[in-house]
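Colleague: Next up is a structure, given as structure tokens.
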Amino acid sequence: MSDCLTHDALRWRRSSRSTGMNNCVEAARLPDDSLAVRDSKNIRRQALRFSPGAWSSFLTAIHEETVN
């Protein structure tokens, strides 16, 4: 696991639509402008890392699915 993804100094953020029951994901911006995403139920598990382009494509695909 990358030390960068487990670094305690990362500012993990949760969706404002989260119910507070820890059944969501959290995201943190990394120093190289990529994005780390982790499961809020188990924050000790390895986070996923996305490049800015990959994250943008992911969000666009989700938005298109919810609109159609």
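Every number here is computed from the coordinates shown, using simple stated rules; none is lab data. All values derive from a computational prediction rather than experimental measurement. So basically every Cβ, Gly included, is an ideal-geometry build from the backbone, and we count neighbours across all protein chains shown.
Colleague: May I ask you to order 34-40, 51-57 by the average number of other C-beta atoms within 10 Å around their residues, highest value first?
Modeller: 34-40, 51-57
Colleague: Still on this structure: Tabulate in residue order the Karplus-calculated ³J(HN,Hα) for segment 52-62, using 6.51 cos²θ - 1.76 cosθ + 1.60 with θ = phi - 60°, rounded to whole Hz; enter x for Gly and Pro.
Modeller: x, x, 5, 5, 4, 4, 4, 5, 4, 5, 5
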